[in-house]
Every structure is written in C-alpha cells, then in structure tokens.
1. If only one of THR101, THR109 is exposed (fewer than 10 other Cβ atoms within 10 Å of the Cβ) and in a helix (DSSP H, G or I), which one is it?
2. If you check every pair at least six apart or on different chains, which have Cβ atoms under 8 Å apart with a residue in segment 130-150 that is under 14 Å from GLU119 (Cβ atoms) first and a residue that is in a helix (DSSP H, G or I) and at pLDDT below 95 second?
3. Based on what the data block shows, is ASP175 exposed (fewer than 10 other Cβ atoms within 10 Å of the Cβ), among the acidic types (Asp, Glu) and modelled with pLDDT under 90?
Amino acid sequence: MAANFLRLLQRGGFQPHFSPKGGVQNSLQLRVSPKNCKGQRRNITSDPERYPGADFNYPKTKKFFWATPPKYHEKLFLRDVAKYYALTGIPAFLIIMFINTFIGPAELTEIPEDYEPEEYEYHDHPITRFIVRNLMPTYQENYEKMLAKVSYENEKKEWRQKQKMANYLMQERGDGLHYFVPMTSTEVIDYSPKTDPDQ
C-alpha cells in the first residue's frame, strides 16, 4: 500500500523524503518538485496524457461576457456634479474670499448714548450680519409671535369657561336654545282663499 502510494507520488512529480527523527505519523515528509524525472515541467491537473480530450487552453480559446452596468449614467452624474459645484462653489468661494480680504470683521467702537443698536450689529462677521439682517427674524418678532399665541390660547380658555357656565345654567334652570321664529299678527293674514275656494 505504501509502495503504491510512493510510486504514485513519483509519477506525479513528488519526491519522497524520509525523516529518521519522526514517529509514526510524521515520519514521511513530502517535498514538492516542479520537475519530473526527465527534467521537464509537469502539471498534474493539466496533463493531456492523463485527461485525454480535455481542452486545457479553454480560458484562451473562449471569452466570457460579463454583464456590467453601463458607465454612461455614472459619467453623466459626475459631470453634472462637477458642473454644479463649479457654478455654485467657485462664486461662493470668490465672494467669501473677497469679503474676508477687503471688508473683514467688525470692530467695537464708541456709540452715542441715545443710540439703540440693531440686532445684526451684535455680530462681527459681515456674512453673519447679512443673514441675521435679511433672512432671520429678530428677537422682537419672535417675542410678538409668542405673545400672539399666548393671547389666542387665553381667548380659547375664556370661551370654554363661558360655554361651560352656559351649559350649567341651562341644566339648572331648564332653559334651551331659542329656535322659535315669531309669526306675524293674525290680523294681517288673509283667509279668503280658504273660505271661498271657488272664486
């Protein structure tokens, strides 16, 4: 059994090497040799003598068609991104650089005693001052909006209290809603069509 195994290894290009130090399990060590006994390279898996009829040049003779997504939309998206970055980023960068270079941040100065500064004047950077002055509501506007909401909720509370009191009095006194419409006087009503229907 061992002799047949060694013969098979020699035929495949392997050279056995025995180690006198090893025991039963590791006494046989194999050393791979890329060349066979004749000095020629030999590949066990691509040997036409062992595997007749096999095409070992298959990757060279036939090409595969790999389904890949098209690059058109990807390139179009990247071009659009670059274009819109250039249309918005470059002017914004130039404006910011111009403001920081030629205008700069605001400085603290003396003001008259009767002067009341605006909301945007508390900020130092020109861009921040522009945003606060033109795009954001002031503290006074926010305070007035909050007062309007509080007043509306207070009115709703008063109306609920009045409605609750009216329901209580209606239940206590036996009153109801006045849906009766008063008729006109009987002296004005003409009963002649009913008394003389033939005329």
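1. THR101
2. Pairs found: PHE130/TYR120; VAL132/TYR120; ARG133/TYR120.
3. Details: exposed (fewer than 10 other Cβ atoms within 10 Å of the Cβ): no; among the acidic types (Asp, Glu): yes; modelled with pLDDT under 90: yes.
No.
The values are calculated or read from the model by the stated rules, or taken from the named source; none is laboratory data. Model, not experiment: these values are computed from the prediction. In this analysis, Cβ positions are derived from the backbone assuming ideal geometry, glycine residues included, and neighbour counts consider all displayed protein chains.
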